[in-house]
1. Scan ALA75, ALA32, ALA70 and give me the residue that is at pLDDT 95 or above, under 30 Å from ARG190 (Cα atoms) and either part of a loop (DSSP other than H, G, I, E, B) or under 22 Å from the mean Cα position of the chain (by Cα) (or both).
2. Only one residue in ARG239, ARG275 is in the same structural domain as ALA61 (by TED's automatic domain parsing) and buried (at least 23 other Cβ atoms within 10 Å of the Cβ). Which one?
3. Looking at segment 283-326 only, could you name the residues that are touching a strand residue (DSSP E or B) at 6+ places or on another chain (Cβ under 9 Å) and either buried (at least 18 other Cβ atoms within 10 Å of the Cβ) or in the same structural domain as HIS200 (by TED's automatic domain parsing) (or both)?
4. All but one of (1) out of contact with any helix residue (DSSP H, G or I) (no Cβ under 6 Å at 6 or more places or on another chain); (2) farther than 28 Å from ARG140 by Cβ; (3) surrounded by fewer than 18 Cβ atoms within 10 Å (Cβ to Cβ) hold for TYR34; state the number of the condition that does not hold.
5. Is it the case, given these coordinates, that SER339 is more than 24 Å from ASP377 (Cβ to Cβ), touching a Gly at 6+ places or on another chain (Cβ under 9 Å) and of a type in the set (S, T, N, Q)?
6. Name, by its number, the condition in (1) in contact with a helix residue (DSSP H, G or I) (Cβ under 6 Å, 6 or more places away or on another chain); (2) surrounded by 24 or more Cβ atoms within 10 Å (Cβ to Cβ) that does not hold for LEU212.
7. Considering every residue within segment 49-61, establish whether at least one is in contact with an Asp or Glu (Cβ under 6 Å, 6 or more places away or on another chain) and farther than 16 Å from TYR222 by Cβ.
8. Give the residue that is surrounded by the fewest Cβ atoms within 10 Å (Cβ to Cβ), with candidates limited to residues of segment 120-172 that are among the hydroxyl-bearing types (Ser, Thr, Tyr) and closer than 13 Å to ASP197 by Cβ.
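The values are calculated or read from the model by the stated rules, or taken from the named source; none is laboratory data. Computed from a prediction, not measured in an experiment: that's the story for all the values here. Positions of Cβ are generated from backbone atoms using ideal geometry, with glycine treated the same way; all protein chains shown enter the neighbour counts.
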Amino acid sequence: MRGIPEKEIIHMLASQRALFDMPRHICYLNSASYSPLPLRTQEAGRAAVRRKGTPWTLDPAFANGQHERARAAAARLINANPADIALIPSISYGVATAAKVLTIDRGTRIVVLEDDHSSPVLEWQARANALTFTVETVRRPEDGDWTSSVLAAIERPGAPPVSLASISSVHWSDGGLIDIDKVGAALRQRGASFLLDATHSAGVLTMDVRRLDPDFVIFPTYKWLLGPYGRAFLYVAKRHQGGIPLEQTSFGRRDVRAENEVYFADLRYVDDARRFDMGERDHFISMEMASIGMEMMGDWGAAAVGQRLLMLTERIAEGLRGIGVSVPERRMRAPHILSLGFKGGIPAGLIEGLASEDIHVAARLRRMRISPHVFNDEADADRFVAALVKRLRG
């Protein structure tokens, strides 16, 4: 994961508000929870519902075309081969798939982050006792430097060997940024595996799996990728593509087809990550919706999106200087998430009061999380600052 290399940026991406059903009086700064759907995506969803209502109109090749379009759009965001991408419903499904594929040696450690989202953590905690490995939690660093804390845990002298780091690339609650290049290098030196929950980075921060060489990368579409709930994607490194999938499906096998004379003609698995596709791949409604959002993000490019969102979060951070609100150092946080700390925690009623003014942010672990997207503009940033300052001083 890199920041925003200047050589990759030519022009500032303009606000894309016109592409969304976003009235001017709405100041929505909560895309880290759910992003709104672009107008194109909403129309595609309506058309897809109509299509499901008349399934006799479907071309036989329609379903596979939808699957491969989504697979290619997801692969583009992380510079992967589409054949290395599986279609899944959630992050936890992807982590469970990885847990079935990986062998975690007895007496080793799996490294996770304190207060990380449940998805990259709970699967390993559930398996630890039976498989006799340890889940080691990297404590939240007081200085906000998650990268140094993770590296210190991996490299700690005298500790049991690390078998896996299962972490988010951007911490969901505070926007803390992990230097995954450094973490990946430290894990490779020890022969350990690397699973990345890229929920808060895919499409916004540059990721190149061909260079990084992680074992698994997982991300959904309903936050930063402007897509529906229940669509997610799993990158599986080729070295793991011989594993047994979480579900047993006909399309995961080489030749189990209803049109065959013999149904179970060839039970061998397909050779690539497609064997890990979820059952009941939804192709009538939400798969196309997911593709549209990812294609839009891919067309804009992570560098341009990240630059625009950094401009907005920095504008907000600058506007809040001197009012007693703590803001993480720029070098420690992702460009698109700003986490504000308050002495004694968030004042009672503050989030709800802002919402009453149509300004939408989120409370996360005693901090206020602000997460703009491409539909936001400078007016949104300034309006939030003015409203927050007024309420804190009032």
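1. Values: ALA32 fails: under 30 Å from ARG190 (Cα atoms); ALA70 fails: under 30 Å from ARG190 (Cα atoms).
ALA75 is the lone residue from the list that is at pLDDT 95 or above, under 30 Å from ARG190 (Cα atoms) and either part of a loop (DSSP other than H, G, I, E, B) or under 22 Å from the mean Cα position of the chain (by Cα) (or both).
2. Only one candidate passes the filter, namely ARG275.
3. MET287, ALA290, ILE292, GLY293, MET294, MET296, LEU309, LEU312, THR313, ILE316, ALA317, LEU320
4. (2)
5. No, not satisfied.
6. Failed condition: (2).
7. no
8. SER169
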